[in-house]
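Quick note: the coordinates plus some simple rules give every number you see, no bench work behind them. Note that the structure is a prediction, hence the values are computed from the model and not measured. Methodologically, a virtual Cβ is constructed for each residue, glycine included, from the backbone with ideal geometry; neighbour enumeration extends over all protein chains shown.
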Amino acid sequence: MTETGIRPARAADLDAARRIVAAAYAPHAARMGKRPGPMDDDYAARIAEGAVHVIEGDDGGVIGLVVLLPQDDAMLLDNVAVAPEAQGLGIGRRLVAFAEAEARRQGFGVLWLYTHESMVENMAFYRSAGFAETHRVTERGFERVYFGKGL
């Protein structure tokens with residue numbers, strides 16, 4: 001499977017976005033003992049506000065997404081999710097690189113994110129992409145690990 005370009009999500013992408021997020025985060029739910037936050041996000045609203053970008057496979061189907069939320073002083077990389085059948089192909093790295101470029105384009109010098117402490121694979125991925133852990137905190141019942149990257 002190859003991928004094509006990254007584009008803003010459209011309303012027609014809603015079901016694919018929900019399906020990809022559910023599949024990508026399902027393995028973490030058992031480890032966490034509850035549903036990861038991205039599984040309960042309002043993707044219809046996120047798409048309508050222009051926060052979601054998707055990447056398509058060679059068949060035109062959505063295989064991954066990134067959610068970006070501008071903050072006062074930095075861009076929040078709120079979510080990166082890749083369909084299980086497309087994992088391991090560099091799609092996540094493409095989406096993170098897009099997030100970095102989009103944050104720079106919007107004038108931000110920092111990209112930050114958080115993940116759950118049990119998502120050790122995610123933490124390793126973000127470290128390998130140049131993010132540094134900044135702090136850990138319990139928020140909204142989740143043990144979160146924050147990362148940042150200067151752009």
Quiz item: With a Cα-only, solvent-free Debye model of segment 1-86, what are the log10 I(q)/I(0) values at q = 0.22 Å⁻¹?
Solution: -1.06
Quiz item: To the nearest 500 deg cm²/dmol, what mean residue ellipticity at 222 nm is calculated for the chain from DSSP H runs of n ≥ 4 alone, each contributing -39,500 (n - 2.57), summed and divided by the residues?
Solution: -10000 deg cm²/dmol
Quiz item: Under a 5 Å amide H to amide H cut-off, with H placed in plane at 1.01 Å, what residues pair with M119 once short-range neighbours are removed?
Solution: none
Quiz prompt | Rounded to the nearest 20 debye, dipole of the chain from Cβ charges on Lys, Arg, Asp, Glu | solution = 240 debye
Quiz item: If you project the alpha carbons of segment 72-125 onto their three principal axes, what span does each projection cover, largest first, in Å?
Solution: 34, 24, 14
Practice problem: Order the peptides 53-62, 17-26, 132-141, 91-100 from the highest to the lowest mean number of other Cβ atoms within 10 Å of their residues. | Solution: 91-100, 17-26, 53-62, 132-141
Quiz item: Can you pull the semi-axes for segment 3-150, root of five times each eigenvalue of the Cα gyration tensor, sorted largest first, whole Å?
Solution: 21, 19, 15
